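What follows is one structure encoded as structure tokens, with my remarks underneath.
The values are calculated or read from the model by the stated rules, or taken from the named source; none is laboratory data. Model, not experiment: these values are computed from the prediction. Quick reminder, even Gly has a Cβ in these numbers, built from the backbone with ideal geometry, and neighbours come from all protein chains shown.
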Amino acid sequence: MHIRAPLKATCSRTPPEWFSSLATWAAQYDVGGLQVYARIDQTSYDCSFGSAIIADGSKEPMTTHSKLPYASLTKVFTSTLALKQAALGFVHLDANVNDTLGLDGFALKNRHRWERATLAMLLRHRAGFDSRVSGDPMFWRSPPCPVGLERLEPVPVDFEPDTGFAYSNLGYCLATVVLERSSGTTFSELLQTELLEPLDLPVVELSGRDDLRAYGIALHVQHRADKELLDSLDWRSFRGVGNLAGTAHDFGRLLEQLVDRTALSARLALA
């Protein structure tokens with residue numbers, strides 16, 4: 001087995017010795033670059049490793065300030081926002097999805113299951129949508145959410161809500177629409193004013209790959225099928241689902257504040 005040289009690392013302070021294993025692991029598994037933010041015994045370490053692929057396909061050193069796609073980690077921001085809105089009384093976690101989204105006029109499959117699904121079930125991936133069984137509607141060329149909800153008609157609810165777990169992009173898109181309708185504002189505005197600004201998180205919302213290019217980085221995929229899938233996605237539909245970008249530092253700071261419930265409540269004006 002060919003042993004590759006560890007990725008070059010730059011850190012905000014001298015990290016523990018075990019950080020070197022991250023550089024070795026990344027090199028061995030052909031990870032070109034990464035960021036790591038860690039907090040150990042009240043000390044924070046902000047590190048970057050290797051290279052970032054920029055818009056023209058070339059490479060430059062990864063830095064701790066390089067904005068990278070959060071992809072599905074976006075859902076952590078969405079669920080946190082939903083819990084804040086619920087704590088303030090602007091949305092109810094037991095709100096019925098069918099009623100809140102006004103789906104009565106559509107010929108939905110498994111309507112009795114739609115009528116049981118709630119916002120809390122969407123957030124916990126327990127609303128009944130199982131992409132392993134029926135595929136992921138968010139990957140359709142014209143997804144049924146967040147606009148064109150009439151396209152939900154052929155979407156099956158694969159199991160009785162709250163009787164199982166199945167990761168669902170559609171569930172989080174529907175949760176995003178519930179938040180928008182309950183607040184009367186866009187998800188982007190709600191996220192910025194109610195979460196990112198109070199928590200001092202300079203996270204950037206994405207609408208597609210062009211935004212990544214504007215930040216000086218690019219999505220890199222090795223397989224043709226993956227590239228075709230990325231090219232076909234309606235990126236605007238993934239707000240609240242997978243289209244935020246930021247740094248490992250930003251995401252680490254979010255998690256730190258989620259752990260400190262007292263400080264979090266104060267900063268979000270929940271106390």
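Need the failing condition index for residue 141 against (1) modelled with pLDDT under 95; (2) charged (D, E, K, R); (3) under 26 Å from residue 83 (Cα atoms); (4) surrounded by fewer than 17 Cβ atoms within 10 Å (Cβ to Cβ), just the number.
Against the list (1) modelled with pLDDT under 95; (2) charged (D, E, K, R); (3) under 26 Å from residue 83 (Cα atoms); (4) surrounded by fewer than 17 Cβ atoms within 10 Å (Cβ to Cβ), residue 141 comes up short only on (3).
Helices (runs of 4 or more DSSP H) wholly in the range 195-262 with at least 2 residues that are surrounded by 12 or more Cβ atoms within 10 Å (Cβ to Cβ) and modelled with pLDDT of 75 or more - which ones?
248-259
If the requirement is being assigned to a strand (DSSP E or B) and surrounded by 15 or more Cβ atoms within 10 Å (Cβ to Cβ), which of these qualifies: 82, 38?
Testing whether each residue is assigned to a strand (DSSP E or B) and surrounded by 15 or more Cβ atoms within 10 Å (Cβ to Cβ) leaves just 38.
Could you look through the range 41-79, keep only residues that are of a type in the set (Ser, Thr, Tyr), without any contact (Cβ under 8 Å) to a residue 60 or more places away in the chain and part of a loop (DSSP other than H, G, I, E, B), and pick out the one that is nearest to residue 118 (Cα to Cα)?
This residue is 63.
Would you say residue 157 is among the β-branched types (Val, Ile, Thr), surrounded by 14 or more Cβ atoms within 10 Å (Cβ to Cβ) and over 19 Å from residue 236 (Cβ atoms)? Walk me through it before giving the result.
Numbers: among the β-branched types (Val, Ile, Thr): yes; surrounded by 14 or more Cβ atoms within 10 Å (Cβ to Cβ): yes; over 19 Å from residue 236 (Cβ atoms): yes.
Judged against the criteria, residue 157 is a match.
Just to check your reading of the model, which residue among 179, 174, 170 is at pLDDT 95 or above, part of a helix (DSSP H, G or I), buried (at least 19 other Cβ atoms within 10 Å of the Cβ) and more than 15 Å from the chain's Cα centre (by Cα)? Write out each step before concluding.
Details: 174 fails: more than 15 Å from the chain's Cα centre (by Cα); 170 fails: more than 15 Å from the chain's Cα centre (by Cα).
Step by step, each of 179, 174, 170 is checked, and only 179 is at pLDDT 95 or above, part of a helix (DSSP H, G or I), buried (at least 19 other Cβ atoms within 10 Å of the Cβ) and more than 15 Å from the chain's Cα centre (by Cα).
With (1) more than 30 Å from residue 243 (Cβ to Cβ); (2) surrounded by 13 or more Cβ atoms within 10 Å (Cβ to Cβ) as the list, and residue 43 as the residue in question, which single condition is left unmet?
The one condition residue 43 does not meet is (2).
Mind checking which residues of the range 100-114 are of a type in the set (D, E, K, R) and modelled with pLDDT under 95?
Matches in the range 100-114: 104, 109, 111.
Here is a list of conditions, (1) closer than 20 Å to residue 6 by Cβ; (2) assigned to a strand (DSSP E or B), and residue 24 meets all of them except one; can you say which number that is?
Single failed check for residue 24: (2).
Of all residues being of a type in the set (Gly, Ala, Ser), farther than 14 Å from residue 177 by Cα and not in a loop (DSSP other than H, G, I, E, B) in the range 112-149, which is nearest to the chain's Cα centre (by Cα)? Just the residue, please.
Ranking the candidates gives 131 first.
Please enumerate the residues belonging to the range 150-167 that are out of contact with any helix residue (DSSP H, G or I) (no Cβ under 9 Å at 6 or more places or on another chain) and either hydroxyl-bearing (Ser, Thr, Tyr) or assigned to a loop (DSSP other than H, G, I, E, B) (or both).
Within the range 150-167, 153, 163, 164, 165 qualify.
Does the range 89-97 contain any residue that is outside any loop (DSSP other than H, G, I, E, B), surrounded by 13 or more Cβ atoms within 10 Å (Cβ to Cβ), of a type outside the set (A, V, I, L, M, F, W, C) and modelled with pLDDT of 95 or more?
The answer is no; no qualifying residue exists.
Restricting the range 9-21 to residues that are without any contact (Cβ under 8 Å) to a residue 12 or more places away in the chain and either part of a helix (DSSP H, G or I) or polar (S, T, N, Q) (or both), which is farthest from residue 63 (Cα to Cα)?
21
Looking at this structure, is residue 108 more than 22 Å from residue 166 (Cβ to Cβ), in contact with a helix residue (DSSP H, G or I) (Cβ under 6 Å, 6 or more places away or on another chain) and buried (at least 19 other Cβ atoms within 10 Å of the Cβ)?
Answer is no for this residue.
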